[in-house]
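Encoded as structure tokens, the structure appears first; notes follow it.
The values are calculated or read from the model by the stated rules, or taken from the named source; none is laboratory data. None of the values given here were measured: they were computed from a predicted structure. Reconstructed Cβ throughout: ideal geometry from the backbone, glycine too, with neighbour counts over all protein chains shown.
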């Protein structure tokens with residue numbers, strides 16, 4: 001009627017814990033490798049953002065240095081001898097080239113191009129196009145940014 005249930009002997013269950021342990025080790029290793037990759041990608045993205053911001057600052061610094069020379073303080077007119085006359089769709093003549101060594105812009109450089117055109121009636125004055133390219137590098141990575149400014153010493 002009632003059968004007596006036999007208890008499983010521990011000797012008959014050998015090896016089951018080993019399979020579970022191997023499975024857990026493999027799964028945890030995969031999760032660990034994924035986390036290392038995610039952290040590496042996040043670090044690269046942060047470095048890219050920082051160097052991109054520094055490249056933008058280098059370009060802006062180069063453009064502002066040109067603007068200081070182009071529009072001297074206490075002068076009624078722009079210094080038109082700095083920029084050549086416009087011949088192309090974008091400025092092609094380098095007028096400022098800076099390699100920075102100050103804190104925050106170390107390993108950065110700025111190249112600034114400029115051209116000018118005389119404004120026609122009903123406007124008067126000179127129109128300047130300024131193209132500033134900033135780049136910053138570290139190791140085998142180089143990040144660059146470009147900004148374009150327009151300025152005039154005339155009246156619109």
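Of all the listed residues (146, 150), the sole one being part of a strand (DSSP E or B), surrounded by fewer than 16 Cβ atoms within 10 Å (Cβ to Cβ) and touching a residue at least 60 places away in the same chain (Cβ under 8 Å) is 146.
If you go through region 19-39 one residue at a time, do you hit one that is modelled with pLDDT under 80 and either exposed (fewer than 14 other Cβ atoms within 10 Å of the Cβ) or in contact with a strand residue (DSSP E or B) (Cβ under 9 Å, 6 or more places away or on another chain) (or both)? Steps first, please.
Residues of region 19-39 modelled with pLDDT under 80: none.
No - not one qualifying residue is present in region 19-39.
Might you let me know whether region 67-75 holds any residue that is at positive phi, within 20 Å of the chain's Cα centre (by Cα), in a loop (DSSP other than H, G, I, E, B) and free of Cβ contacts under 8 Å to residues at least 60 places away in the same chain?
As a first pass, look at region 67-75 and keep what is at positive phi: 74.
Going one step further and asking which of them are within 20 Å of the chain's Cα centre (by Cα), we end up with none.
There is no residue in region 67-75 that is at positive phi, within 20 Å of the chain's Cα centre (by Cα), in a loop (DSSP other than H, G, I, E, B) and free of Cβ contacts under 8 Å to residues at least 60 places away in the same chain.
For residue 116, the stated conditions do not hold, so it cannot be described as loosely packed, with under 15 Cβ neighbours inside 10 Å and part of a strand (DSSP E or B).
Of the residues making up region 131-139, none is assigned to a loop (DSSP other than H, G, I, E, B) and touching a residue at least 24 places away in the same chain (Cβ under 8 Å). Apart from one condition, residue 94 fits all of (1) under 20 Å from the mean Cα position of the chain (by Cα); (2) surrounded by fewer than 17 Cβ atoms within 10 Å (Cβ to Cβ); (3) at pLDDT 85 or above; the exception is (1).
Looking across region 128-143, the residues that are buried (at least 18 other Cβ atoms within 10 Å of the Cβ) and either out of contact with any strand residue (DSSP E or B) (no Cβ under 6 Å at 6 or more places or on another chain) or under 21 Å from residue 88 (Cβ atoms) (or both) come down to 128, 129, 130, 131, 132, 133.
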